[in-house]
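Notes to accompany the following structure.
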Amino acid sequence: MTTDNSATRRVMAGDAVRLATPWRGGNMGVKVGAVGVIDGMLGKPIDQGSITFNASTYRDGRVVRCSGDPATIATVTAELRWTGETTEVTVWRFRNGMRRADNREEYTVTVPVWDWCPGV
């Protein structure tokens, strides 16, 4: 799906980031085209954040937390370019809000896609 509101669009926690050029300073195991997720507080624009590739993404009504490898530490979101595309990302939460072992449920969300060209 493609939309264009690039003039007003801000990077938000949970958005997808596609690696658009080789990541020379990072893990060489991530190939161009790989998609990562930005973590943080839902509904809050962010100026810098961590992008996690190969992510297991926890998402509830207030926060997005990613674990995986590799990840950036503090990518300035001004380096990201709005694509006008969306993608589906598989995330998880605790079933019925109950935090306990083996109580995970997966679901998908549709999120905006940003391109990242590290070092360009």
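So in the range 91-120, with the set limited to residues that are loosely packed, with under 12 Cβ neighbours inside 10 Å and β-branched (Val, Ile, Thr), which one is farthest from residue 38 (Cα to Cα)?
120
So, in the range 14-36, exactly how many residues are of a type in the set (A, V, I, L, M) and closer than 16 Å to residue 82 by Cβ?
At the first step, the residues of the range 14-36 found to be of a type in the set (A, V, I, L, M) are 16-17, 19-20, 28, 30, 32, 34-35.
From what's left, closer than 16 Å to residue 82 by Cβ: 16-17, 19-20, 35.
Of the residues in the range 14-36, 5 are of a type in the set (A, V, I, L, M) and closer than 16 Å to residue 82 by Cβ.
For (1) out of contact with any helix residue (DSSP H, G or I) (no Cβ under 6 Å at 6 or more places or on another chain); (2) part of a strand (DSSP E or B); (3) more than 15 Å from residue 14 (Cα to Cα), each residue gets a yes or a no:
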position: 73; (1), (2), (3): yes, no, yes
position: 81; (1), (2), (3): yes, yes, yes
position: 84; (1), (2), (3): yes, yes, yes
position: 88; (1), (2), (3): yes, yes, no
position: 92; (1), (2), (3): yes, yes, no
position: 105; (1), (2), (3): no, yes, yes
position: 108; (1), (2), (3): yes, yes, no
position: 111; (1), (2), (3): yes, yes, no
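Given (1) under 22 Å from residue 97 (Cβ atoms); (2) at pLDDT 95 or above, where does residue 44 come up short, assuming only one miss?
Residue 44 satisfies all of (1) under 22 Å from residue 97 (Cβ atoms); (2) at pLDDT 95 or above except (2).
Across the range 4-21, which residue is modelled with the lowest pLDDT among those that are surrounded by 15 or more Cβ atoms within 10 Å (Cβ to Cβ) and out of contact with any Leu (no Cβ under 9 Å at 6 or more places or on another chain)? Write out each step before concluding.
Taking the range 4-21 and keeping what is surrounded by 15 or more Cβ atoms within 10 Å (Cβ to Cβ), we get 9, 11-20.
With out of contact with any Leu (no Cβ under 9 Å at 6 or more places or on another chain) added as a condition, the list becomes 9, 16, 18-20.
Details: 9: 84, 16: 96, 18: 95, 19: 92, 20: 92.
Selected residue: 9.
All but one of (1) surrounded by fewer than 18 Cβ atoms within 10 Å (Cβ to Cβ); (2) touching a residue at least 24 places away in the same chain (Cβ under 8 Å) hold for residue 64; state the number of the condition that does not hold.
Every condition holds for residue 64 apart from (1).
The values are calculated or read from the model by the stated rules, or taken from the named source; none is laboratory data. Note that the coordinates shown come from a computational prediction; the quantities given were computed from them, not determined experimentally. We place every Cβ from the backbone using ideal geometry, glycine too, and count neighbours over all the protein chains shown.
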